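Visitor: The structure's right below; bear with me while I get my questions together.
The values are calculated or read from the model by the stated rules, or taken from the named source; none is laboratory data. Fair warning: this is a prediction, and the values are worked out from it, not measured in the lab. Cβ sites come from the backbone with ideal geometry, for glycine too, and all protein chains shown count toward neighbours. Note: accessible area is taken over every heavy atom of the protein model, side chains too, but ligands, DNA and RNA are not part of it. Shrake-Rupley method; radii C 1.70, N 1.55, O 1.52, S 1.80 Å.
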Amino acid sequence: MECIKIKTSKRNELIDITSEIQAIVSKSKIKEGICVVYCPHTTAGITINENADPDVKSDILNRLGAIVPENENYSHSEGNSDAHIKSALIGNNQTLIVSDGKLQLGSWGGIFFSEFDGPRQRQVLVQLIKQ
Amino acid sequence: MECIKIKTSKRNELIDITSEIQAIVSKSKIKEGICVVYCPHTTAGITINENADPDVKSDILNRLGAIVPENENYSHSEGNSDAHIKSALIGNNQTLIVSDGKLQLGSWGGIFFSEFDGPRQRQVLVQLIKQ
Amino acid sequence: MECIKIKTSKRNELIDITSEIQAIVSKSKIKEGICVVYCPHTTAGITINENADPDVKSDILNRLGAIVPENENYSHSEGNSDAHIKSALIGNNQTLIVSDGKLQLGSWGGIFFSEFDGPRQRQVLVQLIKQ
């Protein structure tokens, strides 16, 4: 298992970690298999989406904020229930396909660490499985 | 493949199944690999979130209920369309990382069977893959 | 890795691809393992839900459209931000369990390609891992 360290700078933020994950795949020399990207935090997650136009990131974060408002008479006393709920909706893990030694992300796909309760020091765990 | 049986007691309920899943991992003696947790029902799901403060569970369920109301002029005649939609949003499967013989859940992560149309008898399927 | 080609016909559409995925599993002769189904597009996804009553599909799509409206002052200039956000919520990959040579979907589970910005030519990638 590999571990990537991330420093987030905002409360809500999508950070592209595609190159770090591909570097782990390349180092492993695995040609065919899968790659599990896992966020071991319950107020953040992992999502896959367009890595070309940064407006896509802000549209995703803004709409998530409308679906799950920050203040909504939540019971959890830490004041970050919205972050827990966003994590549940987006997911804290994604499974990618490795073929020909490369993550098969399509033309526009990027892997994003999804911070919902930053800024914080975070980790991402990566496990590769050979076919 | 292993199968866990669960009896739910409410229409909407998050049930912590972390210890049952870890027991399957421990029995397998796999040190490095992944663990797929799969809900073979279309009105329930699997989610990963905080297992410390039970208020987090109720905040997640309450907000899901606001996003997907129980009664909303749905077409499906069985009266549980909200449960199908919640299952699609939360997901019916999660892939966890096993390292050093343990599920790598972080400090607060728990695995929850997510009932959206209970009470019912349910199953959870578990498949382990060695690295 | 296998690749399935799909032609969608509407802007929002769920297309059952269960039989195509099971055919790939059967051809592989794998008895125990997992099957990763991956959508390499950022305005579509993969979801698992009921494949019996088609009203479930329309209820899911209609509610998703209410949660993520098509026109909402998004920043992304291509006019398909709703599709990117729906993809992030539904997910672009699902991991299924193969046991006894069959996808373990339960009584009503089907695998659906989830189009949110059609009609388009699309692909689905499939990677099998033997236990």
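Visitor: If we scan segment B:102-110, do we find a residue that is aromatic (Phe, Trp, Tyr), modelled with pLDDT of 95 or more and in a strand (DSSP E or B)?
Guide: Looking through segment B:102-110, none of the residues is aromatic (Phe, Trp, Tyr), modelled with pLDDT of 95 or more and in a strand (DSSP E or B).
Visitor: Mind checking which residues of segment C:9-18 are open to solvent by 50 Å² or more (accessible area, probe 1.4 Å) and either of a type in the set (Val, Ile, Thr) or part of a strand (DSSP E or B) (or both)?
Guide: C:ASP16
Conditions (1) farther than 24 Å from A:LYS86 by Cα; (2) buried (at least 21 other Cβ atoms within 10 Å of the Cβ); (3) facing another protein chain (nearest Cβ under 10 Å), marked per residue:
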| position | (1), (2), (3) |
| --- | --- |
| B:VAL36 | no, yes, yes |
| B:GLU50 | no, yes, yes |
| B:LYS86 | no, yes, yes |
| B:THR95 | no, yes, yes |
| B:GLN104 | no, no, yes |
| B:TRP108 | no, no, yes |
| B:GLN121 | yes, no, no |
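Visitor: Quick check on B:HIS41: is it under 17 Å from the mean Cα position of the chain (by Cα), open to solvent by 30 Å² or more (accessible area, probe 1.4 Å) and within 13 Å of chain C (Cβ to nearest Cβ)?
Guide: yes
Visitor: Could you go through segment A:74-81 and let me know if any residue there is open to solvent by less than 10 Å² (accessible area, probe 1.4 Å), acidic (Asp, Glu) and over 26 Å from B:VAL36 (Cβ atoms).
Guide: No, segment A:74-81 contains no residue that is open to solvent by less than 10 Å² (accessible area, probe 1.4 Å), acidic (Asp, Glu) and over 26 Å from B:VAL36 (Cβ atoms).
Visitor: Considering B:ILE6, B:ILE46, which residue is within 23 Å of C:GLY110 (Cβ to Cβ), at pLDDT 95 or above and surrounded by fewer than 20 Cβ atoms within 10 Å (Cβ to Cβ)?
Guide: From the options B:ILE6, B:ILE46, the qualifying one is B:ILE6.
Visitor: If we scan segment B:58-81, do we find a residue that is of a type in the set (D, E, K, R), more than 9 Å from every other protein chain (Cβ to nearest Cβ) and either under 30 Å from A:GLU2 (Cα atoms) or in a loop (DSSP other than H, G, I, E, B) (or both)?
Guide: yes
Visitor: Still on this model: Consider only pairs whose beta carbons are under 7 Å apart and that are at least six residues apart or on different chains; among these, list those whose first residue lies in segment B:85-105 and is under 11 Å from B:ILE30 (Cβ atoms) and whose second residue is open to solvent by 10 Å² or more (accessible area, probe 1.4 Å) and acidic (Asp, Glu).
Guide: Going by the 7 Å Cβ cut-off, the qualifying pairs are B:VAL98/B:GLU32; B:SER99/B:GLU32.
Visitor: Report yes if B:GLU32 is more than 23 Å from B:ARG120 (Cα to Cα) and either of a type outside the set (D, E, K, R) or more than 8 Å from chain C (Cβ to nearest Cβ) (or both), otherwise no.
Guide: For B:GLU32, the condition - more than 23 Å from B:ARG120 (Cα to Cα) and either of a type outside the set (D, E, K, R) or more than 8 Å from chain C (Cβ to nearest Cβ) (or both) - is met.
Visitor: Same structure, new question: If only one of A:ILE21, A:ILE34 is among the β-branched types (Val, Ile, Thr) and in a helix (DSSP H, G or I), which one is it?
Guide: Being among the β-branched types (Val, Ile, Thr) and in a helix (DSSP H, G or I) holds for just one of A:ILE21, A:ILE34, which is A:ILE21.
Visitor: Does B:ILE67 count as hydrophobic (A, V, I, L, M, F, W, C), surrounded by fewer than 20 Cβ atoms within 10 Å (Cβ to Cβ) and within 26 Å of C:GLY45 (Cα to Cα)?
Guide: Yes; evaluated as a whole, the condition is true for this residue.
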